[in-house]
Amino acid sequence: MPSNLEQSRSAAAISDQGTFVDGSPSDLLAKGVYSTEQAESAAAVLNVSDDRSRMHVIHGPTGFGKTRVGIGLVQYYLGLGYTVLWVSHKWNLLQQAKDEMLSKVPIDRRALRRIGGNEESLDNLSSSTSGKVFFTTLQTWANRQKANSLPQKLRRSRKLLVIWDECHWAIDSPIGRRFLRHYIDGRGGRNNSLVVGLSATPKISETTKAKVAWAIPYRSLIGTRVAYPLIKNVRTNVVWDPIVQNGLVSPTSLDQLATNRSRNQLIVEELLAGRQRGDYSKIVVFACNIAHANALEALIKAGGASVCALHSKCDDPRSTLSKFRKGEVDVLVSVNQFKEGDNVPDVDAVFIARPTTSSVSLQQMIGRACRLTPTKNHFWIVEFTDEIRRNADKFFHAVDTEKGEGRAYTSASSDRATPRRHAEATDPNNLMEVTLPDFGKVTIVADQTFGVEVELTTPQGVPKFNTAVWHDGARTIIERLSKVANLPVCQTPLAYHENTDPTRWVVESDSSAGWEVVSPVLSNADGLFELRRVCDALTELINEDGRFHVNYRTGFHVTLGTRLNSDSRLRGFLKRLQRLEPGLMTLVSPSRLFGFDGSRYDIGRRNGYCLPTREFVVNADEASILGFAARNDRYYTVNLAHAHDDVEKLEVRLHNGTTEFRKVVAWLSLWMLIFNTSRYKWEGSGIHSHVFPTGNSEISEEVAAGEDIFELLQREGIFLNADLSSMLRQRRNELRPAWEKVLPQRVRSWGRAGWYDEDTRALELPGLAEARQS
C-alpha cells in the first residue's frame, strides 16, 4: 500500500458493473477533486490500512469534505478489486453520498445497490446482490445481520471497504459495538475488513474499536473551507430548573421551555428583525420538541416569513427538506432531523432555541451553517440562553470554553478556544483581511494574539478602590459584559493586576482612572468580533449611565504577543518606533504627549504615563531587555518591560481612552502591521530628539513629511489597505481641532503639506454621517 501522499499507485480496472480510474490521493489532488487537506486525510488512511484491528476515523469539521474523502477512498479501493459497504444512520445521508459519488467518480449507476429501504430509498437503486457499492442504514444492517441475511460479499472480508458516515452516532452503543465486532475481530486478522469512519464529532473511548487516523482543527479551515462564525447570545430571562437524568433533559423540562410564550416570541422577534436587518437570510431553528417546532412555525409564518417545520410527524419530510434546499422556504424549524450530515450550503444562521447537554449535538447543530460558499464568508450562531438554576454545569453553550466530556464551541468553534497565553504569529506574512460590517476590511496577522485594556473614570474624578462607588460601578460593568461577551467574565471585581486567568474578561482597579476592563487573550477574526461586542456594550453603558466617562485621565492599551526576547530584536523595534513616533502622535489626542489638567495644555511638560521613546531613550543601540525590566520602565508610548516576561509581549500605551470600536480596530491593525512587517529585520537608525521640535511654529513641507504617518509608514515598507488607510486618515482629520489648540502654527503647516486635503465626507465609514446627524 502507498506509504505517503506522493506515492501513487494505478488502480485502473474494468468490470461489467462500471469503469474505475486511478483513485490515488495524489492524483485526486492534482485533478482538483481533492483539496490538500482532503488528500492528506485519505493518504493517512492508506498509511494505516494494514492495521485491521480498529476503525480508522477521519475527523474534520462540517464543511471540510469528509464525504468526498470517503468517495475518493471508494474509487481507489474499487480499483483494487474491493467491494464497498457505505453505512450511516439516515437514508437521506446515504442519498447525499450516493449523489456525490455519481458526480465525482466515473462509476456506472448499475454498480450501486441498496440494502433494505423501500422503492423510493436512494432513488430506486436496485436491491440485488450483484453490485460493487452497497448503501444501507446501521439499523437495517443490524436486522439483516441478526437474521443472517446479509449478502455474502458484505460479511467480513479482507477485500471489503466499510465507510461508516457520521460514525459518532451509536459508536459506543450495543448496535455500534456489534457492527465493529462483525468486521473487526480485534486481532487484525487476515479476514478483517478495512473500516473507515467519518465524523465531525467523533466519540472515541477505550471501549470502542476505533482510533483517529487524521484530524484537522476548525480554525485552520476558516476562510478556506468553512465560514467565520459570529455568535449572538440572546438572554431570555426565563428561570429554568431542568431535570437531567443519564445525560438527558427530561421531556417535562423541555416542555416548560417549549410552551413559554414570551420566550417563543423573543425567538421569533430576533429572527424577523435579523432578516429585516439583512443579517440572516436562510435560517435553521432547532426547537425543544415537536410541539415547540410547530408553535414556532406558526409564529414565524404569522410574521411573514416562509417557514416549514421538520420532524418525525411531518407528512412528507423529504419534500419539506427539498423545498428548503431549493429556496422555496427560508426558515426550517427542526428538532433532530436536520442536525447531522445534511448539506444546504447557503444556510447562514443557526438558531439554538433548545438547550443541550451534549457537546457533540451542539457542534452538529452549529455545523449546519458553517460551509463556505462563493457568496458566504461568515455565518451567525444565535443562542437563546435561560437562567438555569439546577444542573447548569451539565449544559453546553456556544460560548462555553471547557466542560466535562470535551470542549464545546468557543467563539463558534470547538477548536477556537481562548488562547491561554500570548503568542507571536508563526508566519508574519500570513495576513488576514477581516470584513467588519459597517467598517470595511481590516488586516490582522493570523494567529498573533492580542489583548486590550480599556480605562473608565467618572466626570467627578477618580473613584478610589474598595469604596462603595467603585464596587457598585465595577459590578455594573461586569453585568453589562456578561450580557454580551462570548468568553467568560470574572464576576468578582479585582484589585490592580490581581487577575491571573488570561481566558476571561476582568474588571480591575486603576489608580489613574478608576476602572480598567482587561480582555482575555484574543486572536484572529473571532477575537475581533468579541472585541466589537464588548466595545459596543461599553459605549452604550457610557451613554446611558452618567457614572462612567472617558476623558484625558483614561487610556486605551493594546497588547501584542511578540518575541522581542533579545537585545538586538528590542533595539531594532525601538529604532523603528522612534522613527514613527511623531506620525503616530497625530493619530491620538494631544493629552497623550503634553501635560493636561482638563482645560489647559502645558507643552513644556510630557504625559508621565506615556513618554516618547524618541525623547527619553538616548541611544537605542545601548537599550537592553534587563534594563527596561529592572527599572520597570513601562511608562513609555510602548511598554517594553514585558519583553523580559515569561510570556513575551509588548503593550502599546500611546492611545487615549476610548470604547469606540472603529478607533480600537484601526489602532490594533496598524500595530500588528508595524510589528510584523520585516519582523526582526528592522533597518535604519534610531532618532533621539524632541517630538515636534520647535513646538508651536510653522515648519517646512520637508519637516512635515517627516511627521506624516502615511509617509513614514511607506518609508518603513508598511502598506495599508484602502479601508484601514481611510479609517486612520479620518481619525487624523477628527483630531485636527484638538491639535490646533496646542500647536496651531504647526497644524497650519501640516495643512499646507496636504494632510487634510482629502474630502472627509468621502472618507467616512458607512452609516457614520447618519449617526452624527441623529
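The values are calculated or read from the model by the stated rules, or taken from the named source; none is laboratory data. This is a predicted model, so every value here is computed, not measured. Positions of Cβ are generated from backbone atoms using ideal geometry, with glycine treated the same way; all protein chains shown enter the neighbour counts. Accessible surface areas use protein heavy atoms only, side chains included; no ligands, DNA or RNA. Shrake-Rupley method; radii C 1.70, N 1.55, O 1.52, S 1.80 Å.
Overview of values
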read-out: Stokes-Einstein D for the chain, Kirkwood Rh over Cα pairs, 10 °C, 1.306 mPa s (µm²/s); value: 54
read-out: Global geometry of the stretch 122-168, whether rounded, prolate or oblate, following the gyration tensor of its Cα atoms and the 1.5 cut on a/c; value: rounded
read-out: Alpha carbon centroid spacing (whole Å) that separates the stretch 66-81 from the stretch 102-123; value: 15
read-out: Value at 222 nm in deg cm²/dmol, rounded to 500, when DSSP H runs of n ≥ 4 in the chain each add -39,500 (n - 2.57); value: -10000 deg cm²/dmol
read-out: Fraction of antiparallel bridges per DSSP, the chain only, in percent to nearest 5; value: 45
read-out: Where the chain is the region considered: accessible area per residue in Å², 1.4 Å probe; value: 40
read-out: The stretch 218-286 and the stretch 589-615: distance between their alpha carbon centers, rounded to Å; value: 49
read-out: For K441, residues with placed amide H under 5 Å, excluding near neighbours; value: L436, D723
read-out: Of all accessible heavy-atom area on the stretch 295-338, the percent that carbon and sulfur account for (1.4 Å); value: 47
read-out: Per-residue SASA entry for K313, accessible area with 1.4 Å probe, Å² rounded to 10; value: 150
read-out: Formal net charge of residues neighbouring A293 (Cβ-Cβ distance under 10 Å; K, R +1; D, E -1); value: +1
read-out: Shape category assigned to the stretch 476-612 from the gyration tensor of Cα positions, a/c cut at 1.5; value: oblate
read-out: Filter on K649/K681; K132/K209; K441/K649; K90/K232 - keep pairs with C-alpha separation over 22 Å; value: K132/K209; K441/K649; K90/K232
read-out: Nearest-0.05 FRET efficiency for S685 and E498, computed from C-beta distance (R0 30 Å); value: 0.10
read-out: Residue-level accessible surface for T539, protein heavy atoms, 1.4 Å, Å²; value: 40
read-out: In Hz, Karplus ³J(HN,Hα) per residue of the stretch 82-97 (6.51, -1.76, 1.60; θ = phi - 60°; x = Gly, Pro); value: 7, 9, 10, 10, 10, 10, 8, 9, 9, 5, 5, 5, 5, 4, 4, 5
read-out: Cα centroid of the stretch 654-683 to Cα centroid of the stretch 536-581, whole Å; value: 9
read-out: Relative contact order (percent, whole number), the chain, Cα cutoff 8 Å, 6+ residue spacing; value: 9
read-out: Mean Cβ neighbour count within 10 Å, used as a protection proxy, ranking 40-48, 514-522 highest first; value: 514-522, 40-48
read-out: Heavy-atom accessible surface of the stretch 79-130: percent carbon and sulfur, 1.4 Å; value: 43
read-out: Three-way shape call for the stretch 313-387 based on the alpha-carbon gyration tensor, with the a/c threshold at 1.5; value: oblate
